[in-house]
Structure formats: C-alpha cells, structure tokens
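Before any comments, here is the structure.
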Amino acid sequence: MFKRVLIANRGEIALRILRACRELEIESVCVYSTADKDAPYLRLADRAICIGPGPAKESYLNIARLIAAAEIADVDAIHPGYGFLSERPDFSQACRDCKIEFIGPSPEAMGKLGDKVECKRTARASGVPVFPGSEDAIEDEEEAVKIADEIGYPVIIKASAGGGGRGMKVCHNEATLRTQLRVASQEAQAAFGDGSVFIEKYLEHARHVEIQMLGDKHGNAVYLWERDCSLQRRHQKVIEEAPAPLINREKLRRVCQAAAKMIQTAKYAGAATCEFLMDGKGDFYMLEVNTRVQVEHPVTELITGIDIVKASIQIAAGEKIPFKQEDVHIRGHAIECRINAEDPAAGFRPSAGKIEIWQVPGGPGVRLDTHVVPGYVVPPNYDSMIAKLIVHADTREQALDRMARALREFKVGPIHTTIPLHQRLVTNTDFRRGGVDIHYLERLLRA
Ligand code: ADP
C-alpha cells in the first residue's frame, strides 16, 4: 500500500479523499491555492503545500506545480478527485513519467473512454447500447445530412472532446444541421483544441441513469448498479438517487454487464461511471464514460456499503477489487442533494462570502460531505457547491421524508444556498411519484 498520497483537489472531495487515506493509514498531502489558504480541512492533512494563486489555471490546473509539490512531499501517488485535472490523460501521463502512481486510469484507458467517438466504438464492441448516429467524427456536411436522414430528426451535434455540457447543438431540420455543423466545429476547436464533431439521435424525453463501475489492474471489473440523476439544471445535476425508481432491473442488469465488459476491454483500472439516457420504453443509450470518481458517488456507497474512494486507492496500489460481483447487494434507498452557494430566488446568482450561520443536520441515516465550518469564507474562484447532503433509509418514500427532515435542520446564513429549492423538490408530487425526465426541473423553474 502507498505510504503517502497527494490530493490534487480542493473542497469537499479533498476532505473525502483525506478521510479514505486516513482509514487506510496513508499519509495525506493537501495542496491549496492562496484563495483556499484558510480552508479548515488543510489542518487535518499531514502536510499542506501552497501551489499558487486563486485562478485554477495557476494552481489546481497547473500540472507542473502539482508534480513539483508531489516531488517535494515525496509521495507515492496522486489522487485527482473530480473536475480540474481528473480527466486529463496528460496529467495521468505526467504522473507516470515522474514515477508517481495516478489514482485513476492509465492515459491509454482514459483516452479510449474519455474521447466520445472512441468511447462509442468501444461501447458498441462490448454490447453497450449507444445512440444511433455517426460511427466516426463527421468528415463533411453531406455525410452528416445523410446520417441525419437515416436516423431522423431531431439530431444533436457533439464535440468528440466535449465535456461539461458545452458545445452541443440540437437540430430539428436539415437547414439548421448544415449551419450548426460549422459553428459547432469552430466552437469545439476553440474550447477543446479539437474541432471534430459527431451527430447522434436526440431524445426529447429521457431520464439520466448512470452505472458505477470499478476495474482493477488484474482484468477484473464489477458494477455497483445505477444512480438516477434526472433532476438537472443547465446539465448540472441537482439531486441524485439510488436505486433508480421505476426501472426494469433485468434490462438494467444486461446493460451493467456490458458496461463491465467495456471497461475490461479498455483495460481500465479505477472508478468509472457509464452515463446513459433512458427512454420511455426503458431502453438505454450511452452518453459517455466519466473516468473518475463522481460527485454523487455517496448514494452508491450508502446502498452497497462499499467505500468507492478507498477501493480506488487500493486498486491504484495494485490490489484486486476487494469484493466480487456476487457480494454487491443493494440495501434501501439513498438520495443526495447538492447544496450550492447560489440564490435560487435570484436566478441562481452565486452567493460567495462568509458563512456566519452553519447549523448542520444529523441523526439516523444522514451523511453530510462538506469542507465548510462556521466562519468559512466561500471563495468566488471555484464551483459553488459547498456541501452534499445524503440520506439513507429502507424505502424511497422514507428516504424522501428523511431528506425533508434533514433539510429543515440545515440552517445557513447570511449567504444564500439551494436548500429552499431542495425543500421544494423533495415534497414535489411529481418527483415523489418517480420517473421525472431531465427537463422536468427547468420546466418547473419556468412555471
Ligand atoms: P458532456 O460531456 O458535455 O456533459 P453529455 O454527452 O454527457 O455531454 O451530455 C450532457 C447532457 O446533454 C445530457 O445529460 C443530456 O441532458 C443532454 N444530451 C446529450 N446527448 C443527448 C441526446 N442524444 N439526446 C438528448 N439529450 C442529450
């Protein structure tokens, strides 16, 4: 096992990884930008190293500075968390070049599954259902028009290197497809340094269902079943839950098995999430694979009892996945609310500043993943998520009631948070019935 790990991230996920390290008796080295210099979790680390100023480009996204910190601290491995450099093959490669273990996939496996076109090809070969559409990047306009005619409108144009919901264009007819192709390619070139785009069928009504996977360096892969993340705003998940309500579990099992085969084919070691859209008939279409731990991993941890972050460290250290597929059992229901420092009553305007009131929920079945303490100042530089409130109960209904209870206990001020939005959602009759689609929340907010 590793002796010392550098955590190349910040906020709640840095603390989550630190906790996993401590339970594995690994020393942890945190890094921080000057904007995070007073973050209280830094005091829990065995060592904390400043890597630069507030802007992420000069700190959390700066490979040279992170590697320098890793070498100064003499660590065996680096955990990238999510966001920042977690899905960058060049970071995984830089670690390898410096003989530091990257806690995540090899650059090759990340490249295979991280590029959308390449990933769809690997998925098809493993029997993972994908959207009908172009098999490769689009070479010319006529080819795109021909494919769109075959699969039928609407279609969606996506960047091969895309991410974060950016650079996608929905086209309802040929004229828009022709004009948007050029725009999409230029935008993709500017945003991702790669102008290749592809098209696929666009689903109007769908749910977001994703499968948690783990692969190891010995060729094993397991699935930890699904999460439903259909409640989204601007492609950002707001509430996640597991298991997914109203789902055909037999169909799901077949997709899970294919997804496990896919990550084996890609020689993937670490945690991965295979994201799907599910249509009204309960059929699945793969969106993409996220080659890292997800924000919403705790809901899976609560229903399976498996520590995904610990497992990913053990896997990187060369151990086998510490359990077998037949040992994975689902118990009860878990829900996560992402608490953001934003004002839902003012168009979700970011609400940075000092947190004077911070009274947190607790009691049976309640887990709070957060780096915030009373007096914490939310820096304006980063993502607005300040906490994840996760609950577990025997049934979905009990979990929803428990979440309502926990949200009522949660008092934050004077900054604004998304707690009032969550309160509204967990008592919403459509959401409680289950099976709302990915556009439901936007419709509700417009109404
Ligand atoms: P990104 O990597 O940029 O997040 P994804 O491929 O994961 O891109 O898609 C992001 C979101 O865009 C999905 O969660 C879904 O809401 C929407 N989307 C993507 N592809 C389709 C599609 N074929 N049909 C309908 N909606 C889609």
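Values in this text are rule-based calculations from the coordinates and carry no lab data. Computed from a predicted structure; not experimentally measured. Cβ sites come from the backbone with ideal geometry, for glycine too, and all protein chains shown count toward neighbours.
Please identify the longest segment of the chain free of exposed trypsin sites (Lys or Arg not before Pro), where exposed means a DSSP state other than H, G, I, E or B and no more than 15 other Cβ atoms within 10 Å. Maximal segment without exposed cleavage sites: 332-447. Straight distance only, please: which lysines reach the Cα of residue 116 with their own Cα at less than 24 Å, same-chain residues fewer than 8 apart left out? Excluding near neighbours in sequence, the set is 146, 158, 169, 201, 217, 237, 251, 261, 267. Counting charges near residue 396 (Lys, Arg +1; Asp, Glu -1) among other residues having Cβ under 11 Å from its Cβ returns a value of -2.
Build a GNM of the chain with springs between Cα atoms under 10 Å apart, and of 205, 392, 297 the one that fluctuates most is 205.
Candidates 95, 26, 70 compared by Cα position along the dipole of region 15-171: farthest toward the positive end lies 26, with charges placed on Cβ.
State whether region 191-349 is rounded, prolate or oblate according to the following rule on the C-alpha gyration tensor (a ≥ b ≥ c being the square roots of its eigenvalues): a/c under 1.5 gives rounded; otherwise a/b larger than b/c gives prolate, and the remaining case gives oblate. The shape class here is rounded.
Mean sequence separation of contacting Cα pairs (under 8 Å, at least six apart), scaled by the length of region 4-103, corresponds to a relative contact order of 29 percent.
Stokes-Einstein diffusion for region 130-201 at 25 °C, viscosity 0.890 mPa s, with a Kirkwood radius from C-alpha pairs, works out to 209 µm²/s. Only Lys, Arg, Asp and Glu carry charge here, each on its Cβ (+1 for the first two, -1 for the last two); on that basis region 4-103 has a dipole of about 200 debye about its Cα centre.
Please give the FRET efficiency for residue 99 paired with residue 23, using the beta carbon to beta carbon distance and R0 = 22 Å, rounded to the nearest 0.05. Result of the calculation: an efficiency of 0.30. Three principal axis extents of region 207-446 based on alpha-carbon atoms, in descending order, are 51, 41, 33 Å.
log₁₀ I(q)/I(0) of region 4-103 at q = 0.14, 0.18, 0.21 Å⁻¹, via Debye over equal Cα point scatterers, no solvent, to two decimals? Log10 of I(q)/I(0), two decimals: -0.43, -0.73, -1.03.
Among 263, 280, 252, which residue has its Cα positioned farthest towards the positive end of the charge dipole of region 196-293, with +1 placed on the Cβ of Lys and Arg, -1 on the Cβ of Asp and Glu, and the dipole taken about the Cα centre? The listed residue farthest towards the positive side: 263. Amide H to amide H, with H built 1.01 Å from N, residue 194 comes under 5 Å of 189, counting only residues 5 or more places away or on other chains.
Magnitude of the charge dipole for region 130-201, about its Cα centre and with charges confined to Cβ atoms of Lys, Arg (+1) and Asp, Glu (-1), is about 420 debye. Restricting the calculation to Cα atoms, region 238-307 yields a radius of gyration followed by a Dmax of 12.6, 33 Å.
Over the chain, dividing the summed -39,500 (n - 2.57) contributions of all DSSP H runs of at least 4 residues by the number of residues returns a 222 nm mean residue ellipticity of -10000 deg cm²/dmol. Its Kirkwood hydrodynamic radius, worked out from the mean inverse distance over all distinct Cα pairs, puts region 271-331 at 13.3 Å.
How big is the dipole moment of region 365-417 about its Cα centre under a simple scheme where the beta carbon of each Lys and Arg is +1, that of each Asp and Glu is -1, and everything else is neutral? Debye, nearest 20, please.
Here region 365-417 has a charge dipole of around 100 debye.
For region 162-242, the set of GluC sites (Glu not before Pro) satisfying both a DSSP loop assignment and a count of at most 12 other C-beta atoms within 10 Å is given as 204. Sites listed here are GluC sites (Glu not before Pro) in region 328-382 whose DSSP assignment is loop and whose Cβ has at most 12 other Cβ atoms within 10 Å: 356. What would the Debye equation give as log₁₀ I(q)/I(0) for the chain at q = 0.09, 0.13, 0.14 Å⁻¹, counting only Cα atoms as equal point scatterers? So the normalised log intensities are -0.58, -1.29, -1.50.
Diagonalising the gyration tensor over the Cα atoms of region 186-254 and scaling each eigenvalue by 5 before taking the square root yields semi-axes of 27, 21, 13 Å, largest first. 3J(HN,Hα) couplings calculated from phi for region 331-339 with the Karplus curve 6.51 cos²θ - 1.76 cosθ + 1.60 (θ = phi - 60°) are, in sequence order, 10, x, 9, 10, 9, 10, 10, 7, 9 Hz; Gly and Pro show x.
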